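Bear in mind these aren't lab numbers, they're just calculated from the coordinates by the rules spelled out. Just so it is clear, the model here is predicted, and its values are computed rather than measured. Note that we place each Cβ from the backbone using ideal geometry, even for glycine, and neighbour counts take in every protein chain shown.
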Amino acid sequence: MTKSNPGNFFEDFAPGQRIAHATPRTLSEADAALNIALTGARHALFSADSFAQDCGLPGAPIDPLLVFHTVFGKTVPDISLNAVANLGYAEGRFLAPVYPGDTLSAASEVLGLKANSNGKTGVVTVRTTGFNQDDEPVLSYVRWVMVNKRDANAATTDSPPVTPKNVVPASELMLPPGLDFSNYDFALAGSPHAFEDYEIGEKIDHVDGMTVEEAEHQLATRLYQNTAKVHFDALAQKESRFGKRLIYGGVAISLARALSFNGLANAQLMLGVNGGRHVNPLFAGDTLYAWSEVLAKEDLGAAGALRLRLVAVKNQNAAAFPFKSDAGEYDPAVVLDFDYWAAIPKR
Amino acid sequence: MTKSNPGNFFEDFAPGQRIAHATPRTLSEADAALNIALTGARHALFSADSFAQDCGLPGAPIDPLLVFHTVFGKTVPDISLNAVANLGYAEGRFLAPVYPGDTLSAASEVLGLKANSNGKTGVVTVRTTGFNQDDEPVLSYVRWVMVNKRDANAATTDSPPVTPKNVVPASELMLPPGLDFSNYDFALAGSPHAFEDYEIGEKIDHVDGMTVEEAEHQLATRLYQNTAKVHFDALAQKESRFGKRLIYGGVAISLARALSFNGLANAQLMLGVNGGRHVNPLFAGDTLYAWSEVLAKEDLGAAGALRLRLVAVKNQNAAAFPFKSDAGEYDPAVVLDFDYWAAIPKR
Amino acid sequence: MTKSNPGNFFEDFAPGQRIAHATPRTLSEADAALNIALTGARHALFSADSFAQDCGLPGAPIDPLLVFHTVFGKTVPDISLNAVANLGYAEGRFLAPVYPGDTLSAASEVLGLKANSNGKTGVVTVRTTGFNQDDEPVLSYVRWVMVNKRDANAATTDSPPVTPKNVVPASELMLPPGLDFSNYDFALAGSPHAFEDYEIGEKIDHVDGMTVEEAEHQLATRLYQNTAKVHFDALAQKESRFGKRLIYGGVAISLARALSFNGLANAQLMLGVNGGRHVNPLFAGDTLYAWSEVLAKEDLGAAGALRLRLVAVKNQNAAAFPFKSDAGEYDPAVVLDFDYWAAIPKR
């Protein structure tokens, strides 16, 4: 009997199945510093304890995207070791802040299964929840992913269709306990623009570009203890569709979000993920740019919330806001279409 | 008089010589996080304070291999700055756990000297001991290394031959004080396989592959404050046998050990190093795979101990368990032959 | 109105203007570990809490160069996002030690402006001060940088010329409170050479070389939250003078300083920066070497101070001490001419 894990294939999943994922992970100030080194993140709330304390928090929390990648990474050996494509996310909610010293673990429930007509793959939909050391949920999201079958002839039964919500209702967004932006220092945060200054429909070019190296995305993806083979094994990837290593989609999200500082410096806290799609692959050597569009605004009391579409673009700048054709097809330069809620101070 | 250190040459060593190595180093949670980012390590005991506490420890200890590399790195300016090849290790024992905040220093004793017949090089054998800030030994190992002579005509005298033990007796293995696997969570650790499930002679293919980049091995080797020129100076290496930078052998050990999670997730703690040989060079761009063989089993009371041969292979997967020819010659794909003891929970 | 920051252009600056820079940053042990991994730094005072405590300090301080890069990084979005060249530094003083947990912020005052005759660029001179969370200044320096004009036809008025001092007087150098080298362990520090052993005019070849990778300088520069486009955007840089990404000059300083351990292991603490010039660009793939010259010596009581010229050289070793031609022109291999004060123990 083999003791190594070949990963689950499509026919190994069953609706309602619950999977406790391995390797709990204590996040520390080191993860916060590495997050900055790997992505260029500059939002002040996650960079400085003193700034976070002036916002009513005990210290700088861990960047929610780092929490997301850490939780996501745990699911890979069970959910997507044999994935062909990471199709999307939805219904993501950050339920409690994570601070250095907290330990994260994760569990998933299989919501839905749908075989593809080619008989070789199928789409698995799961809800994953991240927990801290007190078993409090810190993050919940739905993800669907295309997974290889082990045996093309294996019989499978589709579940009833799963239709995640298109948007997390503002009423379900959770601000960190204690968050108080009443003494917010806009100069120190890097931008004068508050909740009131953003208009629905407004598009922002984040200007800067970031070229990604193999070592960088591998370091990031290992930090998240994400073991998906496509990111690390150049030899095996030679035989793949792209012929080379594919960058973990979460790296694109974090880089685009870091680039979005330039224009959204005060959109400090990611509160929810309405949807995310990796619409084209990102490879080492590619240069990433990003733009955002304000999709909605909600007043949460202690902060405003902006619903933002964050679009990452490769190998051309984002000044022209490349997105979709009139026929609804993504521009080939678009890498990521990410729809999220962020907390931003009001005046 | 020059103040820079050209390193010791073969004729500079004398049997019985004791060398206190420079640059004490405080290891922190940052080193633990960097170890994960650099190697992909996933053993739960070193990833999560809560998991370590459930195993009776005060928190997650520093990965023994990181301790090894840190201690080893300190010896380089004195022992192997002019090394041609790092030939092997033996009699390695981890004597006390190292926790974040502990400060490591190192000292070596020259055990043996043997000139090579070419007159240009010789083999130096040392015993190196790592100490914590309370001067407690945390690690001891024997190493032999081929070192250049400064002057081919320099007269040297061989010491009596040194023959390290082939295996560290189980009775000399030290479990961390307090270690208690009685509440061990196999699901959280990532594998159901306990001490009892492994059989002597069993071989495990660790499946996954990892392609190494120049930036990655340089970051790791600098983190260990290992200054061996061959790892960092591409210009000087152009004139070398290989024409390029050589990856520090310890990087291969740590990567192979991290890959071995897939099949040996519960072989948490490295307790001893019976032997290690870097049998072929590893270069940036190479993809590393690994397999293990169970060589022996010992019941240590609070845990089982597996004696494992960890074989790292480059640029072909390890499914066929490449090792040695019938004539006893290593397969050219084999990079590392590493024989160690690991603690694993019993049922 | 655009919300992204295109950076200031030459005509946006005014003499006497004060700019509070964004993104305060808490430095931790993680930044110290990353500094070691990124540069190969080995000075014992910054590597080991116990060594620092034996020198009278509460623990290992943050490497002053890491403080410098962090403070410098904050100024980039306001001062040099549109810089053509980073021309030099002077009057740098480290005014108080920074320890893990301290939070740095920065502010600059515009000292001088001088348009170039080409009408396209001008030189901006600023004094930048870094502060800790108690608003104590930890670092002050003058910098001048060549910045693009937005509009070549924009009228500008030169300020009176600014002439920084050539050297920081020894009387203005600040030792960290409590520093006491009376029990200094030279063996543990890695060199027997004390203040008294260095002679004015002495040159030291630091021997070792370090090849720099794109991923490495990008990680470092992002860690410093330095956003200068030239370091990250390979696509935009294709259209630049060099056709590729330029390495942040601070990376060259830190690498050269780390290399200088080999010959200056006891020159522990950078106290002041008399001047620094990046005289040739450094690119990924280049191999850096370094040499130092002792320019002056001062007895500060609790320590000696060496005034050192640190010269970084690329793609040839530094054994011949390449510097300037008889006509005063820098050797094309010279990357950095850096003049600083360092504290070193006396016997």
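List of remarks:
- Chain C: relative contact order as a whole-number percent, Cα under 8 Å and 6+ apart: 20 percent
- When all alpha carbon pairs of the protein assembly as shown are counted in 10 Å bins from zero, the resulting P(r) reads 2, 11, 21, 25, 21, 14, 6, 1, 0 %.
- Projecting the alpha carbon convex hull of segment A:1-102 along each direction and taking the average yields 8.9 nm².
- In this rough spin-label picture, where each label sits 7 Å from Cα along the Cβ direction, the residue B:197-residue A:116 distance is 3.2 nm.
- Mean residue ellipticity (222 nm) of chain B, computed from DSSP H runs ≥ 4 via -39,500 (n - 2.57), nearest 500: -5000 deg cm²/dmol
- Per the Kirkwood formula applied to alpha carbons, segment B:78-195 shows a radius of gyration over Rh ratio, Rg over Rh, of 1.12.
- The 3J(HN,Hα) values that the Karplus relation (6.51, -1.76, 1.60; θ = phi - 60°) gives for segment B:6-12 are, in residue order, x, x, 7, 9, 3, 6, 8 Hz. Gly and Pro appear as x.
- Eligible lysines near residue A:3 by straight Cα distance, threshold 22 Å, same-chain separation 8 or greater: A:74, A:149, A:229, B:203, B:297, B:314, B:346
- Between helix A:214-223 and chain A there is an angle of about 90 degrees, using the helix long axis and the longest principal axis of the Cα atoms.
- Equivalent ellipsoid semi-axes - Cα gyration tensor, segment A:10-344, angstrom: 31, 23, 20
- Each Lys or Arg adds one and each Asp or Glu takes one away; over the other residues whose Cβ falls under 14 Å from the Cβ of residue A:164, this sums to +2.
- Nearest-ten-degree value, helix B:29-39 long axis tilted from longest Cα axis of chain B: 80 degrees
- Couplings 3J(HN,Hα) for segment C:316-329, derived from phi with the Karplus relation 6.51 cos²θ - 1.76 cosθ + 1.60 (θ = phi - 60°), are 7, 6, 9, 4, 8, 6, x, 8, 10, 6, 4, 7, x, 8 Hz, where x marks Gly and Pro.
- Computed over the alpha carbons of segment C:151-264, Rg followed by Dmax gives 20.8, 63 Å.
- Label point 7 Å beyond Cα of residue A:155 along Cβ direction - residues of segment A:1-26 with amide nitrogen under 18 Å: A:10-15
- Counting Cβ atoms of other protein chains within 10 Å of each Cβ in C:196-208 and taking the mean gives 3.
- Extreme residue, positive dipole direction of the protein assembly as shown, given options C:319, C:58, A:71 (C-beta unit charges): C:319
- For segment C:214-335, the fraction of C-alpha pairs more than 18 angstrom apart is 58%.
- Within chain B, percent of DSSP bridges classed antiparallel, to nearest 5: 100 percent
- Between 0 and 90°, nearest 10: helix B:64-79 axis offset from chain B longest Cα axis: 10 degrees
- Loop GluC sites (Glu not before Pro), segment B:239-326 (other Cβ atoms within 10 Å of the site Cβ: 11 or fewer; DSSP): B:239
- Unit Cα scatterers, Debye sum, segment A:261-321: log10 I(q)/I(0) for q = 0.12, 0.21, 0.24 Å⁻¹: -0.37, -0.96, -1.14
- Charge dipole (chain A, unit charges on Cβ, about Cα centre) - positive-most of A:48, A:174, A:345: A:174
- For residue A:296, the shell of other residues with beta-carbons less than 13 Å away shows a net charge of -3, using +1 for Lys and Arg and -1 for Asp and Glu.
- Put a plus charge on the Cβ of each Lys and Arg, a minus charge on the Cβ of each Asp and Glu, and nothing anywhere else: the dipole of segment C:192-347 about its Cα centre is then about 460 debye.
- GluC sites (Glu not before Pro) restricted to DSSP loop in segment B:137-199 with at most 10 other C-beta within 10 Å: B:199
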